[in-house]
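Each value in this text was obtained by applying a stated rule to the coordinates, not by laboratory testing. The structure displayed is predicted, hence computed values, not measured ones. Positions of Cβ are generated from backbone atoms using ideal geometry, with glycine treated the same way; all protein chains shown enter the neighbour counts.
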Amino acid sequence: MKKVTVICPEKIGTVAPEIYGHFSEHIGGVFYDGLWVGKDSEIPNIRGFRKDLVEKLKAIHPPVLRWPGGCYAETYNWRDGIGENRPVRTNWWQHRDGRVESNAVGTHEFIDLCEMIGAKPYFAVNVTSITPLEALNWMDYCLSPRGTTTLALEREKNGHPEPFDIPYWGIGNENWGGGGNMTPDSYALEYRRFATVLKNFCGNRGEVIVGGADGADYLWTEGLTANLAHAKGRIPVDGMSFHYYCGKSGDCVDYTTEDWYILIEKALRMEELINRHSAFTVAHGMKDRMKLVVDEWGCWHPDGSGPSKGYNLFEQQSTMRDAVVSALTLNIFNNHCDCVKMANVAQLCNNLHCLFLAGGEHCITTPTYHVFDMYKGHQGGQGLRTLVSDNEDIRNGISVSSSVKDNVLTVTLANLSCEADAEVSLDLLGLDRKVESVSATVLASDDMRNHNTFEAPNAVTPVCAALDISSFSVPKAGVVALTVTLA
């Protein structure tokens with residue numbers, strides 16, 4: 001039996017709600033026929049967005065939503081998405097299969113979605129193909145008070161008199177690759193230009209996030225961090241992003257036991273990435289200003305396995321394996337909440353490691369959605385140090401995190417084994433209050449490859465369970481969330 005020890009007096013830090021963020025890019029079927037069906041659609045919608053999806057997304061308390069990309073942001077002109085008679089443009093992610101960008105969803109529509117679901121907007125600013133002045137104009141349009149600037153008056157004319165609340169502005173996207181193929185030094189110079197102009201305008205109304213590395217590219221992090229830390233004058237920076245996809249192993253659905261462990265091991269590398277990227281910020285005296293923002297994360301299987309028709313660019317099914325990857329990744333973020341300030345799973349709908357699959361009249365949740373629902377109790381809690389005995393072998397391992405908020409202790413566990421249940425005892429070391437009640441939610445299946453489809457939308461769904469924390473089971477390839485109410 002594994003012993004899980006929650007060291008109740010030892011707090012790591014606050015689990016920022018933004019760790020449970022999401023990402024929505026104009027790519028594949030994320031927006032069109034995914035999130036967005038149009039205001040005149042026969043499909044039930046709220047201001048053009050799928051009603052069912054909006055309601056289910058709101059239910060899991062999404063803290064932040066990133067937009068419009070991704071790499072799409074690096075060719076995006078914000079003016080294409082405001083007002084009437086919007087231009088139709090080539091979308092470099094979709095022109096290969098004959099589709100174009102209608103710009104039906106622009107700044108106002110995206111803000112509508114964020115307001116409906118209760119999420120904070122996180123805008124990705126085009127650095128590759130516009131100037132800092134054009135980015136400043138977008139910020140002016142969004143943030144200037146009612147009745148002040150010409151752009152504020154234009155926003156009012158377009159239906160939103162009051163300024164938008166946009167607390168996060170990412171300066172560029174993947175500028176080491178599709179965002180301009182820059183070097184750390186060349187990107188740092190671009191960042192300094194953009195960030196100086198934008199931060200001077202938005203002040204404490206918004207944070208600027210510098211674009212960090214691709215996975216384990218520590219040379220990028222070293223070069224970028226050193227450049228900003230030792231620049232003449234204080235360069236504005238409120239966080240550093242990096243992206244990590246644990247990739248694939250075998251088929252998206254028809255994978256082997258060995259494929260399972262290979263992918264789980266790749267997903268566990270997230271901890272090393274957090275530790276090492278954060279170490280550079282510490283070394284250069286930038287830890288407080290450059291906390292980590294994991295802009296994009298998740299599995300990246302071969303596409304085409306999702307159920308929606310005609311929108312399968314990077315679309316993949318989501319099985320119990322993806323649920324366990326989600327759970328262990330969120331546990332890692334919780335356990336490093338002192339240096340991770342935000343994370344955004346990629347992506348929200350019909351693309352990569354998504355929470356929803358939609359097409360036509362159909363819209364279903366994936367096992368990944370259920371993990372976010374089960375873990376929402378961590379948001380805003382105080383992360384607690386948690387230890388697990390006999391946890392060196394991935395084939396017999398579990399992933400755990402814990403937090404406490406408002407007299408409720410949340411403990412989440414993911415069984416990394418797809419072959420055997422894990423027997424667990426929970427020790428609340430140093431707890432100075434009485435346990436009043438315990439409830440549990442379990443996400444599991446007899447088949448590790450199980451997933452939801454349009455025909456069987458509830459094949460994988462969580463269930464409530466009663467258990468004794470002194471001895472309970474975490475099903476193989478399963479996830480358990482405990483809610484411990486304290487007196």
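Overview of results
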item: Separation of the D185 and V100 label points, Cα + 7 Å toward Cβ, nm; result: 4.3 nm
item: Unsatisfied cross-links (Cα-Cα over 31 Å) in the set K120/K287; K2/K287; K56/K405; K2/K434; K39/K266; result: K2/K287; K39/K266
item: Rough spin-label spacing in nm, given labels placed 7 Å along Cα→Cβ, for H230 and D214; result: 2.6 nm
item: Rounded tilt (10° steps) of 107-117 against the dominant C-alpha axis of the chain; result: 30 degrees
item: Under 17 Å from K376, Cα to Cα: aspartates and glutamates that are on another chain or at least 8 residues apart; result: E18, E55, D406
item: Exposure proxy ranking, count of Cβ atoms within 10 Å, fewest first, for S24, S144, S417; result: S144, S417, S24
item: N85-E258 pseudo-label distance in nm [points 7 Å out on the Cα-to-Cβ vector]; result: 6.3 nm
item: Label point at E423 placed 7 Å out along Cα→Cβ; residues across the stretch 376-399 whose backbone nitrogen lies under 17 Å; result: 389-391, 396-398
item: Cα-based Rg and Dmax for the stretch 1-87, where Dmax is the largest Cα-Cα distance (Å); result: 19.1, 65
item: Nearest 10 degrees, 0 to 90: helix 320-335 Cα axis against the chain principal axis; result: 80 degrees
item: Length-normalised contact order of the chain in % [C-alpha pairs under 8 Å, at least 6 apart]; result: 19 percent
item: Least to most buried among S437, S403, S318 (fewest other Cβ within 10 Å first); result: S437, S403, S318
item: Chain lengthening between V435 and I46 when straightened (0.36 nm per residue, less Cα-Cα); result: 135.8 nm
item: Global geometry of the stretch 385-486, whether rounded, prolate or oblate, following the gyration tensor of its Cα atoms and the 1.5 cut on a/c; result: oblate
item: For Rg and Dmax of the Cα atoms in Å, calculated from these coordinates, the label among [x] 28.0, 92; [y] 22.6, 81; [z] 22.2, 67; result: [z]
item: DSSP bridge orientation in the stretch 17-379 - percent antiparallel, rounded to nearest 5; result: 20 percent
item: At most 14 other Cβ within 10 Å, DSSP loop - GluC sites (Glu not before Pro), the stretch 26-77; result: E42
item: Cα-based helix-to-principal-axis angle, 132-143 vs the chain, degrees rounded to 10; result: 70 degrees
item: Protection proxy ranking of 262-268, 120-126, 344-350 - average other beta-carbon atoms within 10 Å, highest first; result: 344-350, 120-126, 262-268
item: Whole-number percent relative contact order across the stretch 385-486, with pairs defined as alpha carbons under 8 Å at least 6 apart; result: 37 percent
item: Full-extension gain in nm, W92 to K11, via 0.36 nm per residue minus C-alpha separation; result: 24.6 nm
item: N158/M1 FRET efficiency (R0 51 Å; Cβ-Cβ; nearest 0.05); result: 0.25
